[in-house]
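Before any comments, here is the structure.
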Amino acid sequence: MSWELGPGQLQDLARGAALLGTGGGGDPFIGRLLVEHAMREHGPVTVLDPDEVDDDALIVPTAQMGAPTVVVEKIPQGSEPESALRALEAQLGRSADATMPIECGGINSMIPLLVAARTGLPVVDADGMGRAFPELQMETFSVYGVSGSPMTVAGESQETVVINCGQDNPRMEWLARGITIRLGGVAYIAEYSMTGRQMKETAVPRTLSLALSVGKAISTARGANTDPIEGVRGALAPTLYNQLRILFQGKVTDVERRTVEGFARGRATFSDFTGEHNLQVQFQNENLVAIVDGEVRCVVPDLICVLESDSGEPITTEGLRYGQRVTVIGISTPKMMRTPAALNVFGPQSFGLDYSFEPVESLSERTRKPSLST
């Protein structure tokens, strides 16, 4: 059933989106403030259940592109993603019937809501990643046959660029990444325009609802002084993301982070409170692999999420700091993101990792350590 989203729900939605962003996707805090302002000026946003979208409707996803470390210092005006949408509508010769996230994690859960509040368009409760990924071809849309082109890129000085690579979505990413770098490391895009039927066949459903539910579970647990991790587990249980494992509990001991070729790349090291065990997480915008004492415990596309231990607040890769006390969890992705076709696009080898994908629930059973809970 379709529903209405107002300013009072945005904090929980942003918190859940930060968790689903697996450390990346950009901090949704700035996006939330932009959406709140737009909603106060224009009113709430209608969120469409994917099953209720007409098959011939035109859906145009909108998003932010760039390194999360840049977004922290380069705050958008708010009009840029709408400019990208209008430029793509001009290319298509048709107005959009709705917008939609390309990813449900991080700031890109917020960008379509900003567009919707400013334009009056509804937002589809679905996305193309089911989490956050660093590259544009890493979409379930792409995996299951939707072309990202034509796409438009908008900058802060009212520049717009049109890219059309036909079915070559990796080349579209390569060109758009170069343009984004030249626009200062962050840009705003509209891409993967599709029909309602294509959306139903290729999108991960109800992920905005999922983010809201997860964020609400964390805030409710915090208010009741109960375990936020168990709150998240309960929120995930009836969804497509129904497996949660605690991978590690300890503190941050080192962070290596650099912005390279439009990405935030690096690794973080954690130690448990006995000093006997350690965790290393590698990331490219998003957390990619969690290795405990030399053994892989979770690997992309499953979600690796770092949470502040007491509050359950998600910590992004750009927010990691020495000494933070954290709980690191692994969450299963939907089955449509674990198929051979999907793993060929956003599995471990796509990031240059020398690991094979194995579900987090299987890895947890095989490598469980007595000091760690599941």
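The values are calculated or read from the model by the stated rules, or taken from the named source; none is laboratory data. A quick note: this is a predicted structure, and the numbers were derived from the prediction, not measured. Counting neighbours? That spans all protein chains shown, and the Cβs are built from the backbone with ideal geometry, glycine included.
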Residues of segment 281-294 satisfying the condition of being farther than 13 Å from T327 by Cα and either out of contact with any helix residue (DSSP H, G or I) (no Cβ under 8 Å at 6 or more places or on another chain) or in the same structural domain as V70 (by TED's automatic domain parsing) (or both): Q282, I291, D293, G294
Residues of segment 294-306 that turn out to be surrounded by fewer than 24 Cβ atoms within 10 Å (Cβ to Cβ) and either among the acidic types (D, E) or in contact (Cβ under 8 Å) with a residue 24 or more places away in the chain (or both), as a count: 2
Among residues of segment 208-243, those that are more than 18 Å from the chain's Cα centre (by Cα), within 28 Å of M100 (Cα to Cα) and of a type in the set (S, T, Y), counted: 2
Residue list for segment 23-72, restricted to those being closer than 28 Å to L303 by Cα and small (G, A, S): G23, G24, G25, G26, G31, A63, G66, A67
Members of segment 192-244 that are more than 24 Å from P61 (Cβ to Cβ) and not in a helix (DSSP H, G or I): N225, T226, D227, A237, P238, N242, Q243, L244
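Just for segment 145-164: of the residues that are under 22 Å from D127 (Cα atoms) and of a type in the set (A, V, I, L, M, F, W, C), which one is surrounded by the fewest Cβ atoms within 10 Å (Cβ to Cβ)? Don't jump to the end; show me each part of the working.
We begin by selecting, within segment 145-164, every residue under 22 Å from D127 (Cα atoms); these are 145-154, 163-164.
Okay, now just the ones that are also of a type in the set (A, V, I, L, M, F, W, C), so 146, 151, 153-154, 163.
On the way: V146: 23, M151: 28, V153: 26, A154: 27, I163: 20.
Applying the filter and picking the extreme gives I163.
Of the residues that sit in segment 236-254 and are aliphatic (A, V, I, L, M), buried (at least 18 other Cβ atoms within 10 Å of the Cβ) and in contact with a helix residue (DSSP H, G or I) (Cβ under 9 Å, 6 or more places away or on another chain), which one is nearest to C298 (Cα to Cα)?
Here is the first cut: in segment 236-254, the ones aliphatic (A, V, I, L, M) are 236-237, 240, 244, 246-247, 252.
This time we only want the ones that are buried (at least 18 other Cβ atoms within 10 Å of the Cβ), so: 236, 244, 247, 252.
Still in the running and in contact with a helix residue (DSSP H, G or I) (Cβ under 9 Å, 6 or more places away or on another chain): 236, 244, 247.
Numbers: L236: 17, L244: 11, L247: 8 Å.
So, considering only residues that are aliphatic (A, V, I, L, M), buried (at least 18 other Cβ atoms within 10 Å of the Cβ) and in contact with a helix residue (DSSP H, G or I) (Cβ under 9 Å, 6 or more places away or on another chain), the one nearest to C298 (Cα to Cα) is L247.
Taking the condition under 16 Å from T316 (Cβ atoms), buried (at least 18 other Cβ atoms within 10 Å of the Cβ) and at pLDDT below 95, does P76 pass? Lay out the reasoning, then the answer.
On the way: under 16 Å from T316 (Cβ atoms): no; buried (at least 18 other Cβ atoms within 10 Å of the Cβ): yes; at pLDDT below 95: yes.
Criteria not met by P76.
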Qualifying residues in segment 265-277 (those that are free of Cβ contacts under 8 Å to residues at least 24 places away in the same chain and within 21 Å of P348 (Cβ to Cβ)) - the one nearest to the chain's Cα centre (by Cα): R265
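For segment 283-308, name all the residues that are within 19 Å of the chain's Cα centre (by Cα), charged (D, E, K, R) and over 25 Å from M65 (Cα atoms). Give the steps one after another, and end with the answer.
Going through segment 283-308, the residues within 19 Å of the chain's Cα centre (by Cα) turn out to be 283-290, 298-308.
Now restrict to residues that are charged (D, E, K, R): 286, 302, 308.
Matches in segment 283-308: E308 only.
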Qualifying residue in segment 311-326 (condition: modelled with pLDDT of 95 or more, among the aliphatic types (A, V, I, L, M) and outside the structural domain of I181 (by TED's automatic domain parsing)): yes
Exclusive hit being at positive phi and crowded, with 17+ Cβ neighbours inside 10 Å, set G215, G185: G185
Matching strands (runs of 3 or more DSSP E) fully within segment 253-330 where at least 1 residues are among the hydrophobic types (A, V, I, L, M, F, W, C) and farther than 20 Å from A211 by Cα: 263-271, 278-284, 286-292, 295-299
Complete set of residues in segment 331-342 that are in contact with a helix residue (DSSP H, G or I) (Cβ under 7 Å, 6 or more places away or on another chain) and outside any helix (DSSP H, G or I): I331, S332
Some residue of segment 41-64 being at pLDDT below 95 and of a type in the set (S, T, Y): no
Failed item, numbered, when L353 is tested on (1) touching a Leu at 6+ places or on another chain (Cβ under 9 Å); (2) at pLDDT 95 or above; (3) of a type outside the set (G, A, S); (4) surrounded by 15 or more Cβ atoms within 10 Å (Cβ to Cβ): (2)
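Can V345 be described as crowded, with 17+ Cβ neighbours inside 10 Å, at negative phi and part of a strand (DSSP E or B)? Before the answer, list the steps.
Values: crowded, with 17+ Cβ neighbours inside 10 Å: yes; at negative phi: yes; part of a strand (DSSP E or B): no.
In short, no.
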Helices (runs of 4 or more DSSP H) wholly inside segment 37-122 containing at least 3 residues that are within 18 Å of the chain's Cα centre (by Cα): 68-71, 111-119
Answer from P61, P50, P7 - the residue that is in contact with a strand residue (DSSP E or B) (Cβ under 6 Å, 6 or more places away or on another chain), of a type outside the set (F, W, Y) and farther than 29 Å from L183 by Cα: P50
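What about A154, is it farther than 29 Å from K335 by Cβ and touching a residue at least 24 places away in the same chain (Cβ under 8 Å)? Step through it out loud before you land on a result.
On the way: farther than 29 Å from K335 by Cβ: yes; touching a residue at least 24 places away in the same chain (Cβ under 8 Å): yes.
Yes: the conditions hold for A154.
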Of the criteria (1) more than 19 Å from the chain's Cα centre (by Cα); (2) part of a helix (DSSP H, G or I), which one F29 fails: (1)
From R233, R182, residue being under 30 Å from E365 (Cα atoms) and among the basic types (K, R): R233
